[in-house]
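Novice: Take a look at the following structure, please.
The values are calculated or read from the model by the stated rules, or taken from the named source; none is laboratory data. In this text, all values refer to a predicted model and were calculated from it rather than measured experimentally. Positions of Cβ are backbone-derived with ideal geometry, glycine not excepted, and every protein chain shown enters the neighbour counts. Just so you know, the surface numbers come from the protein's heavy atoms only, side chains and all, with ligands and any DNA or RNA stripped out. Shrake-Rupley method; radii C 1.70, N 1.55, O 1.52, S 1.80 Å.
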Amino acid sequence: EVKLVESGGGVVQPGGSLTLSCAASGFTFVDFAMHWVRQAPGQGLEWVSLVGGDVRHKVYADSVKGRFTISRDNSRNSLYLQMNSLRTDDTALYYCVKDDGDGYNFDYWGQGTLVTVTS
Amino acid sequence: DIVMTQSPLSLSVTPGEPASISCRSSQSLLHSNGNNHLDWYLQKPGQSPRLLIYLGSTRASGVPDRFSGSGSGTVFTLKISRVEAEDVGVYYCMQAQQTPLTFGGGTKVEI
């Protein structure tokens, strides 16, 4: 059974930093790209970033480029999102999402971890 | 960036009746391999989204056959042949053609 469990969310002041983690199980982690997708309260879905299975391929949404860093540790079956210079509009539920390996289709989602940026 | 536009914003449906959601993209999602890189997701109340349809018309594992996807290029449709109470939630289309991956604004389906 595929499981994705996010952690690391919390309340942070504008300009602060936070690192999200996602523990993956139930599949061969290294074989699949992984994504972060976020959802602001009461709003729709926004794709944030992806990292390929080999770690080298990383892509970011313009809204987070230069502030967020995606990474993964294939030995620990874990995905990370380092978030710096946080802004109030980064407030959202952050989902860890597995790619199906057939072209950016999101076949499994975690339950999400909430990040609140407020002064 | 590819802009995704869904309609309607909300839909009130009667159990047993059909329902249809439209999604348009600002650029063609038809790949040279003949596939349309368009996904449909359903987010039920209080839950994470779930993949329903990928490549425009392929049902994901475990998705009931009352759900079907169609369309090509820039115009796509998700159809529910006979709506059930468990189908309530927000439906999103997403283009998987190129990064940044982009979602439509969502269609809220209510009974």
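Novice: Can you list the residues of region B:54-103 whose accessible area drops by at least 10 Å² going from the chain on its own to the full set of protein chains, with a 1.4 Å probe?
Specialist: Listed by number, the residues meeting the 10 Å² cut-off are B:Tyr54, B:Leu55, B:Tyr92, B:Met94, B:Ala96, B:Thr99, B:Pro100, B:Leu101, B:Phe103.
Novice: Tell me, in nm to one decimal, what length is gained between B:Thr77 and B:Ser12 on full extension, where the rule is 0.36 nm per residue of separation less the Cα-Cα distance?
Specialist: Roughly 21.7 nm would be gained on extension.
Novice: First check a/c for region A:26-119, with a ≥ b ≥ c the square roots of the eigenvalues of its C-alpha gyration tensor; if it is under 1.5, answer rounded, and if not, answer prolate when a/b is larger than b/c or oblate otherwise.
Specialist: prolate
Novice: Please report the carbon-and-sulfur percent of the accessible area for chain A; probe 1.4 Å, protein heavy atoms only, DNA, RNA and ligands left out.
Specialist: Answer for chain A is 47 percent, counting heavy atoms of protein chains only.
Novice: Using a 1.4 Å probe on protein heavy atoms only, how many Å² of accessible area do B and A hide from each other, summed over both chains and rounded to 100?
Specialist: The contact between A and B buries close to 1500 Å².
Novice: Tell me, what ³J(HN,Hα) does each residue in region B:29-42 have, in order and in whole Hz, if you take phi through Karplus 6.51 cos²θ - 1.76 cosθ + 1.60 with θ = phi - 60° and put x for Gly and Pro?
Specialist: 9, 7, 7, 4, 7, x, 8, 9, 8, 9, 10, 10, 10, 10
Novice: Here's a follow-up. For region B:22-62, what does the alpha-carbon gyration tensor say about shape, rounded, prolate or oblate, given a ≥ b ≥ c as the root eigenvalues, a/c under 1.5 as rounded, and a/b over b/c as prolate?
Specialist: Note, shape of region B:22-62 comes out oblate.
Novice: Go ahead and set up a Gaussian network model of chain B, Cα springs under 10 Å, then flag whichever of B:Thr74, B:Thr58, B:Thr99 fluctuates most.
Specialist: Most flexible of the set in this elastic network: B:Thr99.
Novice: Carbon and sulfur: what percent of region B:59-104's accessible surface (1.4 Å probe)?
Specialist: Percent of accessible area from carbon and sulfur atoms in region B:59-104: 43.
Novice: Taking Cα centroids, how far is region A:9-69 from region B:54-89 in Å?
Specialist: After rounding, the separation between the Cα centres reads 27 Å.
Novice: Using only the Cα atoms of the protein assembly as shown, each taken as one equal point scatterer with no solvent, compute I(q) by the Debye sum, divide by I(0), and report log10 of the ratio at q = 0.11 Å⁻¹.
Specialist: -0.54
Novice: Another one. Restricting to DSSP loop positions (anything but H, G, I, E, B) with no more than 16 other Cβ atoms inside 10 Å of their own Cβ, which trypsin sites (Lys or Arg not before Pro) remain in region A:3-77?
Specialist: On the way: sites: A:Lys3, A:Arg38, A:Arg56, A:Lys58, A:Lys65, A:Arg67, A:Arg72, A:Arg76; in loops: A:Arg56, A:Lys65, A:Arg67, A:Arg76.
In loop regions of region A:3-77 (DSSP not H, G, I, E or B), the sparsely surrounded trypsin sites (Lys or Arg not before Pro) are A:Arg56, A:Lys65, A:Arg67, A:Arg76.
Novice: Using 7 Å Cα-to-Cβ label points, what is the B:Val3/A:Ser85 separation (nm, one decimal)?
Specialist: 2.7 nm
Novice: May I pose another question? Let a ≥ b ≥ c be the square roots of the eigenvalues of the Cα gyration tensor of chain B; is it rounded (a/c under 1.5), or, if not, prolate (a/b larger than b/c) or oblate? Show your work: numbers first, answer last.
Specialist: Working: a/c = 1.82, a/b = 1.61, b/c = 1.13.
Prolate shape, in that a/c is at least 1.5 and a/b is the bigger ratio.
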